[in-house]
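One structure is given below, represented as structure tokens, and several questions about it will come after.
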Amino acid sequence: MLTSGRVVFTEMEEVHYGKPAAEALADIVNRHAAERVFLMVSGTLNRETDEVEKVRRALGNKCIGTFDKMPAHSPRSAIVAAANQAREGKADLIVTLGGGSITDGAKAVQLCLANDVSTVEEMDRIRATSDLKPPTVRQISIPTTLSAGEFSGMAGVTNEATKVKEMYRHPLTIPQAVILDPEVTRHTPMWLFLSTGIRALDHCVEGVCSNESTEFTNATSLHALSLLARGLPRVRADPADMKARLDCQQGSWLSMGGIAAGVPMGASHGIGYVLGAVFDVPHGHTSCIMLPSVMRWNKTANADKQALIAAAMGEPGKDAGDVLDRFIRGLGMPRSLSEVKIGREHFDRIAKQAMGTPWVPRNPRPIPTPAEVKEILELAA
């Protein structure tokens with residue numbers, strides 16, 4: 001019997017790689033005839049390096065403002081502040097230089113600008129609805145980490161009042177272009193570079209293991225997994241290895257093939273949303289902690305797919321959960337909830353809240369109640 005399906009492609013137009021970011025950006029901005037460019041950047045890069053200034057110089061008088069105060073997990077208040085600044089400057093393009101929280105923040109800013117959102121409370125109007133005005137101010141992203149949110153039209157935004165990470169989405173919030181320059185990642189702390197690399201690896205693993213994966217998305221995910229499995233240890237061993245950094249960036253890009261094509265993630269992503277929003281655990285660390293345990297819990301449902309993961313990581317025939325555990329530990333990353341000071345007294349809340357995420361209900365091994373989430377949490381304790 002023939003399989004059937006649908007692979008959805010995105011509104012992204014181009015990806016530049018291996019070229020200086022400022023040079024590539026100037027070319028894109030000129031071709032798109034943008035005149036009023038608003039920067040959303042890492043505060044650390046802005047204060048302590050010349051990377052943001054290189055971008056400003058490349059833009060010249062087209063740069064109309066800079067926002068450098070986006071905290072981790074993209075809280076609503078910072079998004080509204082950035083949107084109001086961009087609106088006041090009459091921005092016609094947003095450029096991000098930084099990690100995943102800045103990238104996601106800018107996606108939400110696009111929706112705020114298009115739908116006249118100027119307060120935290122008004123963000124309720126643009127969440128989880130199809131009745132949205134499409135963004136007209138698009139985004140170009142220069143990522144400095146590997147979490148790969150720049151290749152998706154979804155933005156995770158933290159509601160500070162409820163401590164819940166909410167999903168905002170529109171096909172046009174995906175960046176119009178992405179620039180992968182390994183040189184700008186030199187300033188990223190090693191723990192952050194490596195842990196977001198595990199986040200990208202998590203995209204690959206849960207994409208392949210999904211009950212809704214396709215041959216197309218499996219191909220991109222498995223090759224991405226191979227690039228990341230080789231590249232991350234090389235960067236840790238030699239931070240000046242730009243070829244290894246670019247391999248990791250391209251692995252990060254390919255890791256998003258499944259998500260961009262509509263393949264759902266699983267419990268590692270779903271539980272990770274809660275750990276980030278409620279306990280402020282960094283994105284990458286949530287994957288470091290949860291992914292091996294989720295794989296072990298899921299093995300009865302998808303051992304054949306898990307075998308593909310171990311093979312892509314260079315250890316055919318081995319248990320994929322064990323392979324991932326050793327790999328993550330070998331990079332010096334946390335591997336348990338106790339290492340980030342989350343004890344069993346929080347498991348009921350985490351389990352209940354995880355059931356409301358987009359991903360836990362679509363985990364490859366069914367999770368009908370919070371009790372199953374608690375079983376996974378016990379494995380990660």
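Bear in mind these aren't lab numbers, they're just calculated from the coordinates by the rules spelled out. Values in this document were obtained by computation on a predicted structure and should not be read as measured data. Every residue, glycine as well, gets a Cβ built from its backbone with ideal geometry; the counts of neighbours run over all protein chains shown.
Just LEU146, LEU111, LEU132 to compare: in a GNM of the chain, with alpha carbon springs under 10 Å, which one fluctuates most?
Checking each option, the largest mean-square fluctuation is seen for LEU132.
For the chain, find the longest principal axis of its Cα atoms and tell me its angle to the long axis of helix 21-31, 0 to 90°, nearest 10.
So the helix axis and the longest Cα principal axis differ by about 60 degrees.
Which Cα, out of VAL274, HIS203, MET333, lies furthest along the positive dipole direction of the stretch 189-380 (beta carbon charges, K/R +1, D/E -1)?
After comparing all options, I get MET333.
In which sequence would GLU51, GLU206, GLU378 go, from the one with the fewest C-beta neighbours within 10 Å to the one with the most?
Ascending Cβ contact count within 10 Å gives the list GLU378, GLU51, GLU206.
Would you mind counting up the charge near PRO135? Only other residues with Cβ under 12 Å from its Cβ, with Lys and Arg at +1 and Asp and Glu at -1.
Charge balance near PRO135 sits at +2.
Reachable lysines from LYS19, Cα under 19 Å, same-chain residues fewer than 8 places away excluded?
Here the lysines satisfying the reach criterion relative to LYS19 are LYS54, LYS243.
Assigning unit charges at the beta carbon (Lys, Arg +1; Asp, Glu -1) and nothing else, what dipole magnitude in debye, to the nearest 20, does the chain show about its Cα centre?
Magnitude of the dipole: close to 200 debye.
Round to a whole angstrom and tell me the spacing of the C-alpha centers of the stretch 1-45 and the stretch 309-381.
32
Follow-up question, since we're still on this one. Could you work out the helix-only [θ] at 222 nm for the chain, with each DSSP H run of four or more residues adding -39,500 (n - 2.57) and the total divided by the number of residues, to the nearest 500 deg cm²/dmol?
The helix contribution divided over the chain gives -16000 deg cm²/dmol.
Just to confirm the number: angle between the C-alpha axis of helix 283-312 and the first principal axis of the chain, 0 to 90 degrees, nearest 10?
50
Something else about it: Indicate, rounded to the nearest 5 percent, the antiparallel portion of the DSSP beta bridges found entirely in the chain.
Beta bridges within the chain, antiparallel portion: roughly 20 percent.
Read phi for every residue in the stretch 252-259 and hand back ³J(HN,Hα) as whole Hz from Karplus 6.51 cos²θ - 1.76 cosθ + 1.60, θ = phi - 60°, with x for Gly and Pro.
4, 4, 5, 4, 8, x, x, 4
Compare the Cα positions of ALA161, ILE64, LEU45 along the charge dipole of the stretch 14-183 (+1 at Cβ of Lys, Arg; -1 at Cβ of Asp, Glu; about the Cα centre) and return the one farthest towards the positive end.
Result: ALA161, furthest along the dipole toward the positive end.
By how many degrees, between 0 and 90 and to the nearest 10, does the Cα long axis of helix 190-209 differ from the longest principal axis of the chain?
60
Another question about this same structure. Taking the number of other C-beta atoms within 10 Å as the exposure measure, put HIS285, HIS203 in order starting with the fewest.
Going from least to most buried by this count: HIS285, HIS203.
Among GLY330, GLY65, GLY251, determine the one that fluctuates most according to a GNM of the chain built with springs between C-alpha atoms less than 10 Å apart.
Result: GLY330 has the largest fluctuation of those listed.
Give, as a single signed number, the net charge of other residues whose beta carbon lies under 11 Å from the beta carbon of SER74, with Lys and Arg counted +1 and Asp and Glu -1.
0
Now for a different question. In what order do TRP359, TRP191 fall by count of nearby beta-carbon atoms within 10 Å, going from fewest to most?
By the 10 Å Cβ count, ascending: TRP191, TRP359.
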